[in-house]
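Let me begin by presenting the structure, written as C-alpha cells, before commenting on it.
Computed from the coordinates by the stated procedures, all read-outs in this text should not be read as laboratory data. Bear in mind that the values here come from a model prediction, so they are computed numbers and not experimental data. Counting neighbours? That spans all protein chains shown, and the Cβs are built from the backbone with ideal geometry, glycine included.
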Amino acid sequence: MVAAVAELLGTVGRSFLFFGEVMSYILRGKIRWVDVFRQIYEQGVQTLLIVMMTSFASGAVLAMQSQVVLERFSAKEFIAQLVALSLVRELSPVFTALVFSGKAGAGMAAELGTMSVNNQIQATRTLGVDPIEFLIVPRVLACMIVLPILGVLSEILGIVGGYVIATTQAGIPGVYYYHQTVNAIGYVDFFCGFVKVCCFAVMIGWISCYQGFYTSGGSLGVGRFTTKAVAFCYISVLVSNAFLTRLVLTIWGS
Amino acid sequence: MRSKDGNDEAMIKVSGLTKSFGDNKVLDGLSFEVAGGEVVAVMGSSGTGKSVLLLQMVGLIVPDAGEIEIDGVKVTSLTERELLGFRSRVGYLFQESALYDFMTVAENLAFPLREHTKMTTAEIGSKVAQFLEYVDMPAEGDKYPSQLSGGMRKRAALARAMILGTRVLLCDEPTSGLDPIRSRDISLLIRDLSKKLGCTTVITTHDVVNAFRTADRTLVLDSGRIVAQGVEKDLRASTDPFVKEFLEG
C-alpha cells in the first residue's frame, strides 16, 4: 500500500516535472516551427472529419430533443438559443476534446510509445538532441493550436446541424433562427467555451505525450500506455470541466 | 595501453564503475582503458551489464560509483545540458538500430548534421551520399527504415552514428538478430569504418566469432568484472572456468 502510494506520488511528480520542462521550452521560444506545423497538419487531419460529423450530429440531435421539450411549453422558437448556448458553453468544447483524445491523443501516445520501446527516444539523446524539444514540444504546442480551432469549428457545425433540423422539421424560418442564434451568443458565452477547450488542449497534449514518452514493456506496453493515455484524458476532461464550469460562472456570472 | 599508431593516451578510461539495480549488482568496480583508434569488444553472457556499461558511457544511466573519461571529458561529472553537447561527439549504434520511422534513410543520416553543423543543404546531401556509399547503400536513401532488412537498418544506423565525424563509436550488440553472413558483414564494416575514420570503438557482444573478427582486443565480463582480456589466442589460453565455458559454448 505504502509502495503504491509512493509510486503514484512519484508518477504525479514526474509528470509535473515533464510538463514544466515542456512549458519552459515553449516560454523560452525554443520551438521547432516546422515540426509544429507538421503536427498541426497530422492532428488536424486525424480529427477534422470526425469532429465535423459528431458536431453536426450533436447539434441536430439537440435541436430534435429541444423541439420535443419546448413544444410542450409552446416555446419552440427558442430552439436556436438552446442549441447555440448549449453547444458554445458546454457541449462542443467537451465533445471535441473527447473526440480529439480518442484520435489524436491516442495517436500521439502510440507513436511516442513505439519510439520509446524501439529506443528512438534514447537515440535522440545519443545524437545530442533533447527529445523533449524535438518530439514533445511540437506535439503539445500543436495540440494547443489545433484543439481550440476544432472547438470553434465544432460550435459552428453544431449550430448548422441545429439549423437544418429547426428549419426542416420544426418549421422555424432560417433567418429567424440565424438572428436568434447571433443574439443569444455573447462574448462571455463564447469565452466560457473557449477557455475550457484551451485548458483541455493543454491537458490532452500533456497526458498523451507523457504516457507515450515513458512507455515501456514492448508492444504490449504500447497498447497499455496508449489506453491509459486515452482513459486519463477522458477523466481529466470530464472532471476538470466541472471545476472550469464553476470557475467561469464565478468569474463571468451566469 | 599503446595503440597501433603509438598513441599512449587512452581515449576511454573507465575506473571503478559500479552499478546495481535493486539487489542485482551488474557492474562491480569495472576498470579498463581503450587507446585512441583501438577497437575493443566487451563480451559476456546476457544480462551481465554490457548495455548498461555503454549507456553509462554516454550518461544515459548514472553509475553508483566510479568514473568514465572519454576524450578528456569526465562523463560522470557532466550536467544533462553538457551531456547533450558531449553526446554529439560520440556515435552510438543501438541493438535495434533505432532509426526514426518517420524519416527516410537519407533524412535519418542528415538529422545529426542539421542539428550540429552549419552545413548547407547541398553539403549535407553530399555527406549523406558519401556515408551511404561507405555502408554500401547508395540507392537506399529514399527508403523508410520499415522497407529495409535488419542488416540494412544496422548499416544505416552505423552511418548515422558516424556521420558527424565522431571520434568514439559505441556499438551495442551489432550482430544481434542477424544471420551469420550479415553478422560477419556488419562486423567487418564496423572494423573497416572505425579504422578508416580513426574511431575508437567499443562493441558489446556475446558473438564470440565476430568479436574476435572485429576487435583488436577483447574483454570478457563476468559478475560485473573483467575476468580476462587480450586477443583470441590469450583468451583461448585462459584458465578461467567462465571464459573457457563461454568460448567453447
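The separation of segment A:119-180 from segment B:138-198, counted between C-alpha centres, amounts to 43 Å. The mean number of partner chain beta-carbon atoms within 10 angstrom of a residue's beta-carbon across peptide A:113-125 is 5. With bins 5 Å wide beginning at 0, the percent of Cα pairs of chain A falling in each bin runs 1, 7, 12, 15, 16, 14, 11, 8, 6, 5, 3, 2, 0, 0. Take each residue of peptide A:30-41, count the partner chain Cβ atoms within 10 Å of its Cβ, and average: the result is 0.
For B:R167, the shell of other residues with beta-carbons less than 10 Å away shows a net charge of 0, using +1 for Lys and Arg and -1 for Asp and Glu.
Shielding of peptide A:126-138 by partners, expressed as the average count of other chain Cβ atoms within 10 Å per residue Cβ, is 5. Mind checking which lysines have their Cα closer than 22 Å to the Cα of B:K25? Skip sequence neighbours fewer than 8 apart in that chain. Within the straight-line limit of under 22 Å, B:K25 reaches these lysines: B:K13, B:K50. The base-10 log of I(q)/I(0) for segment B:129-233, evaluated at q = 0.16, 0.19, 0.22, 0.25 Å⁻¹, reads -0.72, -0.97, -1.23, -1.47 [Debye formula, identical scatterers on Cα atoms, solvent excluded]. Bridgeable lysines around A:K103 (alpha carbons under 16 Å apart, same-chain partners fewer than 8 residues away excluded): A:K228.
Which number do you get for Rg(Cα) / (2.2 N^0.38 Å) in the protein assembly as shown?
Numbers: Rg = 29.1 Å, N = 503, 2.2 N^0.38 = 23.4 Å.
So the protein assembly as shown has a normalised radius of gyration of 1.24.
Entry note, chain B: the mean residue ellipticity at 222 nm calculated from DSSP H runs of n ≥ 4, each adding -39500 (n - 2.57), is -11000 deg cm²/dmol after division by the residues and rounding to the nearest 500.
Show that you can apply the helix-only estimate: for chain A, add -39,500 (n - 2.57) for every DSSP H stretch of four or more residues, divide by all residues, and state [θ] at 222 nm to the nearest 500.
Details: 10 runs with 207 residues, N = 254.
Taking each H run of at least 4 residues, the total per residue is -28000 deg cm²/dmol.
Averaged over residues, the count of other Cβ atoms within 10 Å places the peptides B:155-162, B:184-191, B:199-206 in the sequence B:155-162, B:199-206, B:184-191, highest first.
Taking 17 Å as the straight-line reach from the Cα of B:K143, the aspartates and glutamates in range (excluding those fewer than 8 positions away in the same chain) are B:D101, B:E107, B:E133.
Placing +1 on the Cβ of every Lys and Arg and -1 on the Cβ of every Asp and Glu, with no other charges, gives segment B:101-206 a dipole of roughly 300 debye about its Cα centre. B:T200 sits among other residues whose Cβ lies under 9 Å from its own Cβ, and their net charge, with Lys and Arg +1 and Asp and Glu -1, is -1.
Using the alpha-carbon positions of segment B:1-159, Rg (one decimal) and Dmax (whole number) come out as 17.8, 53 Å.
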